[in-house]
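Have a look at the structure below, then the notes.
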Amino acid sequence: MKILVVGSGAREDAICKSLLKNSDNTVFCAPGNDGMKLSGIKTISIAEDEFEHLTNFAQTNAIDFTIVGPEDPLVNGIVDFFKRKKLKIFGPDKKGAQVEGSKTFTKKLMADANIPTAKYQEITDLETAVEYLSVRASFPIVIKADGLAAGKGVYIVQDLDSGLEVVSELLDGHKFNTRKIVIEEYLDGEEFSLMAFVDHKRFYPMPLAQDYKKIFEDDKGPNTGGMGAVCPVKNLSSEVEQMAIDTVLKPFVHELYQQGIRYTGILYAGLILTKDGLKVIEFNARFGDPETEVVLPRLKTDLSDMIWAMLNHKKIEQIKWQNSGLNLGVFAVSQGYPQNPKSGDLGTIEQFLDCPLVINYAGVKKVDRNLVSNGGRLYLLQTVGTDLKDAQNLIYQALKKMKSENIFYRRDIGKNSI
Ligand code: AMP
Ligand code: GLY
């Protein structure tokens with residue numbers, strides 16, 4: 001089949017690599033990045049928001065179907081646009097993508113489906129926010145911009161003064177274009193991710209994964225787009241996994257259908273195991289990044305066949321996953337990331353080609369015979385080991401051989417999964 005993947009990060013690289021396991025597939029990535037080309041992925045210089053160009057490309061090249069990686073095009077209606085042109089595309093339409101695009105929409109769905117999540121209050125004006133924080137809130141508390149904020153619209157505030165500063169930035173300064181905020185209860189516990197393939201009423205869960213979000217070891221410092229991930233999560237029992245499927249995924253998929261939303265695509269649940277039980281932190285309308293980089297390598301069934309079946313609303317009889325070993329992915333990021341990523345040389349093309357592990361490329365570009373940084377998260381090294389120690393040894397040995405001046409990485413990714 002001929003497949004177009006939309007996006008430019010390590011997640012899209014992993015999706016392309018998974019599709020290329022079937023040698024009959026031809027895979028294009030728009031816009032992709034220069035690193036992906038090293039592994040034979042054909043990149044097309046069309047940006048993810050150029051829907052007209054993307055559909056023209058799909059028509060001219062007889063693309064069988066398109067897969068959308070990032071949230072922005074989904075929330076902005078790329079699926080509706082392709083469908084109007086009778087092109088097959090895997091992802092939720094604009095209505096379904098609200099599960100990620102609007103926190104209040106998703107909170108309402110969860111309330112209707114009786115799915116446990118943090119208690120929250122929706123607020124649109126500064127005066128009410130100030131009153132809420134001053135009189136009713138207990139700290140720490142979480143303040144979220146309603147809408148897409150590239151993962152930056154979540155603030156965990158420890159006291160009233162910082163809370164007042166945040167609500168003023170959001171509702172008075174309209175940072176991230178915010179018109180509405182959600183103030184919610186702070187949840188404490190272990191976070192993990194459950195993704196599923198969804199086709200209307202049917203859903204097929206993937207194995208649990210865990211993303212390491214903080215920039216520094218021991219989960220210190222500011223949040224990032226994700227510094228690495230592990231799959232499976234060895235310290236979470238199969239009971240927890242089943243509970244996540246039964247009490248979150250199943251009722252949410254059912255509720256979407258009940259409310260008239262015909263969701264086809266990936267659904268991502270960000271979950272937390274608190275002392276009061278399992279709760280939802282967020283839903284996303286797409287594959288997680290970097291979870292996808294460690295989950296998809298464990299898929300033994302042909303990804304293109306599965307997506308084709310879902311696009312035609314046919315039941316997938318069986319999905320096979322690797323059930324031994326542990327997949328680990330560690331991101332090399334720019335020095336200074338996430339606040340002030342500095343750019344620099346990352347090493348020769350040969351250095352990357354010689355790496356014995358899988359590399360999923362993100363913010364890199366080619367200059368002469370080298371790759372140089374072009375963003376905060378640069379590339380992710382991924383491998384499978386017999387256990388965490390084995391996988392970490394393989395990854396960190398390979399990372400040691402990479403040019404080190406302009407990269408930074410955490411040395412404890414996967415630490416909980418023992
Ligand atoms: P989100 O963009 O909603 O995924 O939030 C980003 C990160 O903020 C999450 O992965 C959590 O680590 C943290 N977070 C969000 N909501 C809460 C909450 N209610 N309690 C504690 N941490 C939270
Ligand atoms: N890993 C978190 C996300 O993809 O949103």
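With (1) more than 14 Å from I281 (Cβ to Cβ); (2) surrounded by fewer than 23 Cβ atoms within 10 Å (Cβ to Cβ) as the list, and D199 as the residue in question, which single condition is left unmet?
Failed condition: (2).
Restricting attention to segment 1-20, report how many residues are closer than 21 Å to V333 by Cβ and out of contact with any helix residue (DSSP H, G or I) (no Cβ under 9 Å at 6 or more places or on another chain).
Number of matching residues: 1.
Which condition number in (1) surrounded by 15 or more Cβ atoms within 10 Å (Cβ to Cβ); (2) under 21 Å from Q210 (Cβ atoms) is the one that R411 fails?
(1)
If the Cβ limit is 8 Å and pairs must be 6+ apart or interchain, which residue in segment 152-177 that is at positive phi pairs with which residue that is modelled with pLDDT under 90?
Here the result reads F176/A145; F176/G147; F176/L148; F176/A149; F176/K152; F176/G153; N177/G147, each pair linking segment 152-177 to a residue that is modelled with pLDDT under 90.
Surrounded by 23 or more Cβ atoms within 10 Å (Cβ to Cβ), touching a helix residue (DSSP H, G or I) at 6+ places or on another chain (Cβ under 8 Å) and not charged (D, E, K, R): is that true of G69 in this structure? Working first, answer last.
Working: surrounded by 23 or more Cβ atoms within 10 Å (Cβ to Cβ): yes; touching a helix residue (DSSP H, G or I) at 6+ places or on another chain (Cβ under 8 Å): yes; not charged (D, E, K, R): yes.
Considered against the rule, which asks whether it is surrounded by 23 or more Cβ atoms within 10 Å (Cβ to Cβ), touching a helix residue (DSSP H, G or I) at 6+ places or on another chain (Cβ under 8 Å) and not charged (D, E, K, R), G69 comes out as yes.
Can you tell me which residue within segment 163-181, out of those that are over 26 Å from V75 (Cβ atoms) and buried (at least 16 other Cβ atoms within 10 Å of the Cβ), is nearest to ligand 2 (Cβ to nearest atom)?
Step by step, filter segment 163-181, then rank; the result is G163.
Would a scan of segment 10-20 turn up a residue that is of a type in the set (S, T, Y), buried (at least 18 other Cβ atoms within 10 Å of the Cβ), assigned to a loop (DSSP other than H, G, I, E, B) and under 17 Å from the mean Cα position of the chain (by Cα)? Outline the logic, then answer.
Quick first cut of segment 10-20, residues of a type in the set (S, T, Y) only: 18.
Within this subset, residues satisfying the condition of being buried (at least 18 other Cβ atoms within 10 Å of the Cβ) are 18.
Those left that are additionally assigned to a loop (DSSP other than H, G, I, E, B): none.
No: segment 10-20 contains no residue that is of a type in the set (S, T, Y), buried (at least 18 other Cβ atoms within 10 Å of the Cβ), assigned to a loop (DSSP other than H, G, I, E, B) and under 17 Å from the mean Cα position of the chain (by Cα).
Check K234, K220, K214, K250 and return the single one that is touching a Leu at 6+ places or on another chain (Cβ under 8 Å) and of a type in the set (D, E, K, R).
Details: K220 fails: touching a Leu at 6+ places or on another chain (Cβ under 8 Å); K214 fails: touching a Leu at 6+ places or on another chain (Cβ under 8 Å); K250 fails: touching a Leu at 6+ places or on another chain (Cβ under 8 Å).
Of the residues listed, the single one that is touching a Leu at 6+ places or on another chain (Cβ under 8 Å) and of a type in the set (D, E, K, R) is K234.
Taking only segment 21-52 into account, find how many residues are touching a residue at least 60 places away in the same chain (Cβ under 8 Å), assigned to a helix (DSSP H, G or I) and touching a helix residue (DSSP H, G or I) at 6+ places or on another chain (Cβ under 9 Å).
2
Of the conditions (1) more than 16 Å from ligand 2 (Cβ to nearest atom); (2) over 30 Å from L4 (Cα atoms), K144 clears all except one; give me its number.
Unmet for K144, out of (1) more than 16 Å from ligand 2 (Cβ to nearest atom); (2) over 30 Å from L4 (Cα atoms): (1).
Answer with yes or no whether I245 is crowded, with 21+ Cβ neighbours inside 10 Å and either away from ligand 2 (no atom under 16 Å from the Cβ) or farther than 24 Å from Y263 by Cβ (or both).
Numbers: crowded, with 21+ Cβ neighbours inside 10 Å: no; either away from ligand 2 (no atom under 16 Å from the Cβ) or farther than 24 Å from Y263 by Cβ (or both): yes.
It is false that I245 is crowded, with 21+ Cβ neighbours inside 10 Å and either away from ligand 2 (no atom under 16 Å from the Cβ) or farther than 24 Å from Y263 by Cβ (or both).
Being outside any helix (DSSP H, G or I), more than 10 Å from ligand 1 (Cβ to nearest atom) and of a type in the set (G, A, S) is the filter here; which residues of segment 152-175 pass it?
Step one: filter segment 152-175 for residues outside any helix (DSSP H, G or I), giving 152-159, 172-174.
Narrowing further to those that are more than 10 Å from ligand 1 (Cβ to nearest atom): 157-159, 172-174.
G173 - this is the single residue of segment 152-175 that is outside any helix (DSSP H, G or I), more than 10 Å from ligand 1 (Cβ to nearest atom) and of a type in the set (G, A, S).
The values are calculated or read from the model by the stated rules, or taken from the named source; none is laboratory data. Please read these numbers as outputs of a predicted model, since none were measured by experiment. All Cβ positions, even for glycine, are placed from backbone atoms using ideal geometry, and neighbour counts span all protein chains on display.
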